[in-house]
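The values are calculated or read from the model by the stated rules, or taken from the named source; none is laboratory data. None of these values were measured; they are calculated from a predicted model. Cβ: placed from backbone, ideal geometry, glycine included. Neighbour counts: every protein chain shown. Please note that ligands, DNA and RNA were not included when accessible areas were found on the heavy atoms of the full protein model with its side chains. Shrake-Rupley method; radii C 1.70, N 1.55, O 1.52, S 1.80 Å.
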Amino acid sequence: MQELPQDITTAIDQILQKFPATQRQSAVIAALMLVQKRNKGWLTTELMDLVADYLQIDRIIVYEVANFYSLFDLKPVGRHKIYVCTNLSCMLRGSEDVVNYLQEKLCVGLNQTTADGKFTLRAAECLAACGGAPMMQIDEEYHENLTPEKINKILMEIE
Amino acid sequence: MQQNQICFRTLHLSQPWSLKTYESIGGYKVWRKILTEKTPPEQILAELKLSALRGRGGAGFPTAVKWTFIKRDAPGQKYVVCNSDEGEPGTFKDRDILLFNPHQVIEGMAIAGYVMGATVGYNYVRGEFNEPLARIEEAVLEAQQAGLLGDNILGSDFDFNLYNVAGAGAYICGEETALLNSLEGKQGWPRFKPPFPASYGVYGCPTTINNTETFASVPVILEKGGQWHLDQGKPNNGGYKIFCVSGHVNKPGNYEIPLGTPFNDLLALAGGMRAGKKLKAVIPGGSSAPVLPVAVLQDLTMDYDAIAKAGSMLGSGAVIVMDEDTCMVKVLARIADFYFEESCGQCTPCREGTGWMARILQRILQGKGLAEDLDKLDSIAGNIMGRTICAFGDAAAMPVRSFLKHFREEFTAYIRS
């Protein structure tokens, strides 16, 4: 890929409107998110370079940001990312059972992707939904008060 | 007990997040009045001071004092920033404010902009909050279309433009200077202070940062008066506070109740202990706050000063409840893992110390603890505290020290076996 698709650059231009004209770097997180979403959920060096060039910032800055934040992936992932919160409030209400159940059901360990490439399973730190513990996030959506039946239903409905 | 009088005052209505609903209960009335009457900022600050509103994000700093750090007439751009990077383990209130009453956050930020002469506001929302972000984006659009945000608002000559910005997963970005760096498109490393954000904030300009709940409290205080707000709570602890109750209770959830409410009343609101178990301990202000054993809780009231006196802190209002079957070694090991995972790595005591503590605690949990481990944990915690750029180091150390103080025998039992 020689340059970013036009609809992506248009979206980045819109994001840039939020910031002073001299502060193009401020759009880097949002730009990487857009690009990652388009590229099956992960970032290649080539894509990071394109973002850096478009924002007119040093490539190293983009690598730093992509490495620092947990929502960026630098290796291929499944079509859907499952994040099970395992922090204290969820642990007190059975998040370990949720992790074990998902591991068995999907036949994967944590940080692994299912053989069909559909799901990547992960443990997450607090996702700020402790009132609905145990909970998980799949892609952009929160699922709370999890039980095995509820998990089955949620997974069934995902393409 | 009255509930939901401030940030959750729209909660009982249908579509509580819409502009129509918000205006139906008097929303934006204060904002319109300020712009029409050109209320002197000093008058607004005086009401806020009287109200005894303190920061709802964790530190509990008096909001009116923070707002006086910025000189309204100083030349150059100034900024107002809302910290919606909710991530303190056990906290889930800002998510509900953004979901169910986003306009009140917008109104609070706009008023702050007026008081401090800031014409631009950023609301930094954690990257995982897709639904809450969508809600407040929609609310900002509604407010713009109604002429309540933008340039020359209601013909007042005052401009205030508000933008929502999403993070990308990093607990540390809830620390205000890490958040500023993140807003600037950098990795979220906290900055040295001084200079403080009031003089050197986002893009090096004077900046005021408050928590979502703090901003959302402002319109109600100005509508009903600072004295009203003060009267709802206790002296120096004015108003209502959202307590996020999680863990071993029957009805986990958010409860917006007056500051100074007895802990036992809050526990009763949350449905009491699950499965008829006995209460063992509570972390009253998010996982960074020292744990309190049941003996201390019986007479505790839920306000900044009382919880500080009891040896912990109100923090973000995240009340994590643990019953008699809870293994405190396992709980502390989990907390220590979290701080190890989220340490940004900038300061050596924190970067190395959090890993060291987490590994020792895992070792104890696996029954391989050594006789000297508890003293070692205490010493590592002591060597982190006060020796880092930001408060994260203290936040990682305090739980360790408090668990060892109150539940030492559980740890020694693990080591002996």
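Some notes on this structure:
- None of B:341, B:352 is within 13 Å of another protein chain (Cβ to nearest Cβ) and either basic (Lys, Arg) or open to solvent by 80 Å² or more (accessible area, probe 1.4 Å) (or both) except B:341.
- Some residue of region A:56-71 being hydroxyl-bearing (Ser, Thr, Tyr), outside any helix (DSSP H, G or I) and within 22 Å of residue B:339 (Cβ to Cβ): yes
- Within region B:176-192, tally of residues that are open to solvent by 20 Å² or more (accessible area, probe 1.4 Å) and away from every other protein chain (no Cβ under 13 Å): 3
- The criterion of at least 1 residues that are farther than 24 Å from residue A:126 by Cβ is met, among helices (runs of 4 or more DSSP H) falling completely within region B:328-417, by B:348-365, B:373-384, B:392-416.
- Among residues of region A:34-50 that are under 20 Å from residue A:60 (Cβ atoms), those with a Cβ under 6 angstrom from a residue that is acidic (Asp, Glu) and open to solvent by less than 20 Å² (accessible area, probe 1.4 Å), sequence gap 6+ or separate chain, pair up as A:42/A:73.
- Unmet criterion (only one of (1) within 15 Å of the chain's Cα centre (by Cα); (2) charged (D, E, K, R); (3) open to solvent by 70 Å² or more (accessible area, probe 1.4 Å)) for residue A:104: (1)
- Residue A:145 meets each of the listed conditions (1) within 11 Å of chain B (Cβ to nearest Cβ); (2) closer than 30 Å to residue B:325 by Cβ; (3) open to solvent by less than 60 Å² (accessible area, probe 1.4 Å) apart from (3).
- Taking the numbered list (1) at pLDDT 95 or above; (2) surrounded by fewer than 23 Cβ atoms within 10 Å (Cβ to Cβ) in turn, residue B:318 passes all entries but (2).
- For the residues B:338, B:407, the requirement of being of a type in the set (Phe, Trp, Tyr) and within 22 Å of the chain's Cα centre (by Cα) singles out B:338.
- Residues of region A:1-47 satisfying the condition of being open to solvent by 80 Å² or more (accessible area, probe 1.4 Å) and of a type in the set (A, V, I, L, M): A:1, A:21
- Hey, residue B:76 open to solvent by 20 Å² or more (accessible area, probe 1.4 Å), closer than 29 Å to residue B:319 by Cβ and of a type outside the set (S, T, N, Q) or not: no
- When B:64, B:52 are checked against the criterion of being free of Cβ contacts under 8 Å to residues at least 60 places away in the same chain, open to solvent by less than 50 Å² (accessible area, probe 1.4 Å) and small (Gly, Ala, Ser), B:64 stands alone in meeting it.
- Note on region A:1-33: residues that are touching a residue at least 40 places away in the same chain (Cβ under 8 Å) and at the interface with chain B (Cβ under 10 Å from one of its Cβ atoms) total 2.
- When region A:34-63 is filtered for residues that are among the charged types (D, E, K, R), within 12 Å of another protein chain (Cβ to nearest Cβ) and over 20 Å from the mean Cα position of the chain (by Cα), only A:58 remains.
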